[in-house]
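Worksheet: the structure to be examined is printed underneath.
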Amino acid sequence: MTRLEVSTQPYPDQKPGTSGLRKRVRVFQQANYLENFVQSIFNSLEGLQGATLVVGGDGRYYNRHAVQVILRMAAANGFGKVMVGRGGLLSTPAASCVIRKYATFGGIILSASHNPAGENGDFGIKYNIGNGGPAPEKITEAMYAESKKISRYLTLDTPDVDLDSIATLQLGDMQVEVIDPVSDYADLMQSLFDFDRIHALINSGIFSMRFDGMHAITGPYAAEIFETRLGATPDTLMNAEPKEDFGGGHPDPNLVYARELVEVMFGANAPDFGAASDGDGDRNMILGRKFFVTPSDSLAVLAANAHLTPGYRLGLAGIARSMPTSQAADRVANRLGIELYETPTGWKFFGNLLDAGKATICGEESFGTGSNHVREKDGLWAVLFWLNLLAVRRESVQDIVTSHWHAYGRNYYSRHDYEGVDADGAGQLVDALRKLNGNLTGKRYADYEVAFSDDFAYTDPVDGSISEHQGIRVGFTDGSRIVFRLSGTGTEGATLRVYLERYEADPDKQGLDAQDALSELIRIAEEVAGIKHHTGRQAPTVIT
Ligand code: G16
């Protein structure tokens, strides 16, 4: 075995986005592209000599190859041990769980989340720090800086390691421990939720559910938890077998991409409860019979009912949500007398709040919810949380949500995405909005009057770091909002996201379709931003 120092040239485009570096597989397949980024990660870390790293991914195409590359490079760079999921697999929350449980130095997660997979799809890589969460911006910026000046990387001249059986192997001076990717995570879930009660509900004969793994990473996790530990029948799981191309699908658990599940849940004899997760297992969608729970409402309902679960029975320290997420959770925090934190989009911004004990539960409109049990959002955690509530309250999903609206008011909410638009046009739209900022206050649009408009900036209350340009907010005097921002996770062109929100306190007016309730704000968004003009699109690609 020889340690090799391989010369390389920098690539200019290795700037991590909202969640790591995501690119087309064919971009990662360029000579040394993956190796450059991995070495840039290692170069930006201090104290890795002899340390333990966790490695795993969502199983998409290129996962297996990338794991082998990372193992050789980790050994050559001086790591003492790598813990890797069998088959190179670990869901994102399971990777976070393993990093925390074994107090490792950090971890590398291979995933492009819900983006399509396969040879012509996307691949991604991100680094998580020792708290189990995504590297904060300070570290991702250091990686990017390293990637721009890299001239060599270190690796070993060794054959591939066998990743398919649980074993501890030697690779140069480094140990490779192949671990069961599911058991630590399943144990953690069992410690947080009342599995006996959920088992009783699932086997009561009057309750039925479906979980859609979308041919991505969560299938094996769902099989262990729902079938083995909670006694669900095998027909509970749909698309539970992970595939390298995710079965050709787009494992983004929303009403558009999880169509198969949506058809079941809105069809004849629909089950009582339906849920789906995404490519790497950190997102969730919750459905009742013929009923969709928005992620923002889900966060608010979980927070309001957290005391009903064993893991959160002592109450919450605080709630955190990303800025574009609806303000439904704010009302719960207010009533509970706890703090509500509003952060930029990106789970990494929750890390400090969780570590400092300021927040217990966090959520994002982008189908992400989680808590201080790990430092990633967690799809199956949200599903189990809901099951625990259903098992205790014995009401339907729809009844739980509508009674929540009656108690707190309803925040009508929707997100309109314009995917893959021309990046220049999208940039001009945002620039034009920035110029308008400040000049909109007091302006009237039909029934709405602008209370403020700004480009959201966040000062982290724990370390004081500042993140600017996180989305244009237009707030109205009645608390309604329109937010415009460009996605940081796309791989082609730009994706414009328009977030719309309106508050309705009157229970008699809470039963509208969200698009109808928001129609005036949708029209105002077009008037303020000139979406059609700048994007060339007449309508959004995806409405959630
Ligand atoms: C990632 C981040 C989330 C973020 C989402 C959407 O999720 O972890 O925090 O909300 O992207 O980001 P954007 O609006 O910039 O596309 P995931 O599930 O893709 O890792």
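Key figures
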{"quantity": "Cα gyration tensor category, rounded, prolate or oblate, for region 2-181 with a/c compared to 1.5", "calculated": "rounded"}
{"quantity": "CD proxy at 222 nm, helix term only [per DSSP H run n ≥ 4: -39500 (n - 2.57); per residue of the chain; nearest 500]", "calculated": "-9000 deg cm²/dmol"}
{"quantity": "Cα extents of region 265-392 along the three principal axes, largest first (Å)", "calculated": "46, 30, 24"}
{"quantity": "Considering only the chain, percent of DSSP beta bridges that pair antiparallel, nearest 5", "calculated": "70 percent"}
{"quantity": "Value of relative contact order over region 185-408, rounded to a whole percent, pairs C-alpha under 8 Å and six or more apart", "calculated": "20 percent"}
{"quantity": "Karplus-derived 3J(HN,Hα), 6.51/-1.76/1.60, for each residue of region 301-307, Hz, glycine and proline x", "calculated": "5, 4, 5, 5, 10, 4, 5"}
{"quantity": "Separation of the Glu46 and Asp478 label points, Cα + 7 Å toward Cβ, nm", "calculated": "5.4 nm"}
{"quantity": "Amide H contacts of Thr8 (H built 1.01 Å from N, under 5 Å, at least 5 apart or other chain)", "calculated": "Arg152, Tyr153"}
{"quantity": "Cα extents of region 185-408 along the three principal axes, largest first (Å)", "calculated": "42, 36, 31"}
{"quantity": "Two-decimal Rg to Rh for region 410-543 - Kirkwood Rh, Cα set", "calculated": "0.98"}
{"quantity": "Extension gain from Asn203 to Leu512, taking 0.36 nm per residue of separation minus the Cα-Cα distance", "calculated": "107.8 nm"}
{"quantity": "For region 274-304 and region 135-181, distance of Cα centres in Å", "calculated": "34 Å"}
{"quantity": "Under 9 Å, Cβ to Cβ, from Ser113 - net charge with Lys/Arg +1 and Asp/Glu -1", "calculated": "-4"}
{"quantity": "Distance (nanometres) between label positions extended 7 Å along Cα→Cβ at Thr8 and Ser183", "calculated": "3.5 nm"}
{"quantity": "Shape box of the chain [Cα atoms, principal axes, largest first, Å]", "calculated": "73, 59, 41"}
{"quantity": "Neighbour net charge for Pro220 - beta-carbon separation under 11 angstrom, K R +1, D E -1", "calculated": "-3"}
{"quantity": "Contact order relative to length of region 451-519, as percent, for alpha carbon pairs under 8 angstrom and 6 or more apart", "calculated": "21 percent"}
{"quantity": "Quotient of C-alpha Rg and 2.2 N^0.38 Å, computed over region 211-333", "calculated": "1.14"}
{"quantity": "Alpha-carbon Debye profile of region 387-438, log10 I(q)/I(0) at 0.22, 0.27 Å⁻¹", "calculated": "-0.88, -1.07"}
{"quantity": "Distance between modelled label sites at Leu255 and Thr441, nm, 7 Å Cα→Cβ extension", "calculated": "3.6 nm"}
{"quantity": "Stokes-Einstein translational diffusion, region 170-269 - Kirkwood Rh over all Cα pairs, 1.306 mPa s, 10 °C, in µm²/s", "calculated": "103 µm²/s"}
{"quantity": "Cα shape, region 141-188, gyration tensor, a/c 1.5 rule", "calculated": "oblate"}
{"quantity": "Mean Cβ neighbour count within 10 Å, used as a protection proxy, ranking 119-129, 150-160 highest first", "calculated": "119-129, 150-160"}
{"quantity": "Mean-position separation - Cα centroids, region 371-413 and region 466-544, in angstrom", "calculated": "24 Å"}
{"quantity": "Highest average packing first - 376-387, 281-292, Cβ atoms within 10 Å", "calculated": "376-387, 281-292"}
{"quantity": "Packing-based order for 423-429, 457-463, using average beta carbon neighbours within 10 Å, highest first", "calculated": "423-429, 457-463"}
{"quantity": "Fewest-first ranking of Tyr312, Tyr499, using other Cβ atoms within 10 Å as the exposure measure", "calculated": "Tyr312, Tyr499"}
{"quantity": "Net +/- balance of residues flanking Arg444 in space, Cβ distance below 13 Å, scoring K and R +1, D and E -1", "calculated": "-4"}
{"quantity": "Contact order relative to length of the chain, as percent, for alpha carbon pairs under 8 angstrom and 6 or more apart", "calculated": "13 percent"}
{"quantity": "Additional length obtainable on full extension of the chain from Ile543 to Asp164, 0.36 nm per residue less Cα span", "calculated": "132.4 nm"}
{"quantity": "Convex hull of Cα atoms in region 1-54, direction-averaged projection (nm²)", "calculated": "5.4 nm²"}
{"quantity": "Percent antiparallel among DSSP beta bridges (both partners in region 185-408, rounded to 5)", "calculated": "50 percent"}
{"quantity": "Residues with amide H under 5 Å from that of Arg283, placed H, sequence gap 5 or more", "calculated": "Asp278, Gly379"}
{"quantity": "Note, ³J(HN,Hα) from phi for region 348-364, Karplus 6.51, -1.76, 1.60, rounded to Hz, x at Gly and Pro", "calculated": "4, 6, 7, x, 4, 5, 5, 4, 7, x, 7, 10, 10, 10, 10, x, 9"}
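Each reported figure results from applying straightforward, stated rules to the coordinates on display, with no laboratory input. None of the values given here were measured: they were computed from a predicted structure. Cβ: placed from backbone, ideal geometry, glycine included. Neighbour counts: every protein chain shown.
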